[in-house]
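Before any comments, here is the structure.
Each reported figure results from applying straightforward, stated rules to the coordinates on display, with no laboratory input. Keep in mind that what you see is a predicted model, and the values were worked out from it rather than measured. Cβ placement follows ideal geometry from the backbone for every residue including glycine, while neighbour counts extend to all protein chains displayed.
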Ligand SMILES: [Zn+2]
Ligand SMILES: [Zn+2]
């Protein structure tokens, strides 16, 4: 489950335990601001002592590594470098990041810009044991990363591909046109991932239902089982032994309390047991 860090990163574990999470995702700082105060010493210590299951991070939403405007791109690179430093302080091994949006510059140009930005971030953080997991997107607007080929190209272009990884999101894949409900189409997707980047590169899954239809390229998450994917859309993914040990986290809509999270988790847990 993606859990809140409101009040400090160490607080994430309190929520995780209440939800009985077996893997969590956090933001490393407020995700709608460019910069944030450094962690307090006791916050870091509390994060380490509370830790009991795998944890990954999601990068700030403002970051656009493919931005055609130099100012935005440079700001994005600096922000992501800061996030890698924060992840290293917390021993968080993976930051999920979107390849970015080309905003009219075209996909080829956008991928080239993104690869350059990734190189800058990886080059500036060479001693940090943190991987950047490129998330496959729904392809909304001019978002890159909605085809496996896009990830393949980024792997080929960057200087340190070993510090890249892949994050798959059920909602995004479905909206991008990959049908996870049918065994044949699902197997084709996995085979394509294996051929173009290697399935061992997949270090995280996001489990979200989709409000948008198959191939709609609309990125809107729904509660598990109540969107276009439906329960059938999760059965293959959560029971596939090839993802054993890969953290799966939900980014479903949240309510004022933990009730919605509990309900979504219980739907997934039931699917998981019933093969
Ligand atoms: Zn996601
Ligand atoms: Zn999304």
For this session: Scan the stretch 178-209 for residues that are within 16 Å of ligand 1 (Cβ to nearest atom) and under 19 Å from residue 227 (Cα atoms) and jot them down.
Result: 178, 180, 205, 206, 207, 208, 209
Exercise. Could we say that residue 86 is assigned to a helix (DSSP H, G or I), touching a residue at least 12 places away in the same chain (Cβ under 8 Å) and either surrounded by fewer than 20 Cβ atoms within 10 Å (Cβ to Cβ) or over 14 Å from the mean Cα position of the chain (by Cα) (or both) here?
Worked result: yes
Problem set entry | Checking residue 71 against (1) touching a helix residue (DSSP H, G or I) at 6+ places or on another chain (Cβ under 8 Å); (2) surrounded by fewer than 19 Cβ atoms within 10 Å (Cβ to Cβ), the condition it does not meet | (1)
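Residue-by-condition table, conditions (1) touching a residue at least 40 places away in the same chain (Cβ under 8 Å); (2) more than 21 Å from residue 22 (Cβ to Cβ); (3) within 16 Å of ligand 2 (Cβ to nearest atom):
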site: 191; (1), (2), (3): no, yes, no
site: 217; (1), (2), (3): yes, yes, yes
site: 220; (1), (2), (3): yes, yes, yes
site: 238; (1), (2), (3): no, no, no
site: 243; (1), (2), (3): yes, no, no
site: 247; (1), (2), (3): yes, no, no
site: 256; (1), (2), (3): no, yes, no
For this session: Go through the stretch 229-256 and count every residue that is in a loop (DSSP other than H, G, I, E, B) and more than 16 Å from ligand 1 (Cβ to nearest atom).
Result: 8
Problem set entry | residue 9 vs. criteria more than 14 Å from the chain's Cα centre (by Cα) and over 30 Å from residue 244 (Cβ atoms) | no
Exercise. Does any residue in the stretch 161-182 that is farther than 16 Å from residue 207 by Cβ and touching a residue at least 60 places away in the same chain (Cβ under 8 Å) come within less than 8 Å, Cβ to Cβ, of a residue that is in a helix (DSSP H, G or I) and more than 11 Å from ligand 2 (Cβ to nearest atom) six or more places away or on a different chain, and which pairs are these?
Worked result: 165/201
For this session: Inspect all residues belonging to the stretch 180-202 and state whether any of them is surrounded by fewer than 16 Cβ atoms within 10 Å (Cβ to Cβ), over 18 Å from the mean Cα position of the chain (by Cα) and not in a helix (DSSP H, G or I).
Result: yes
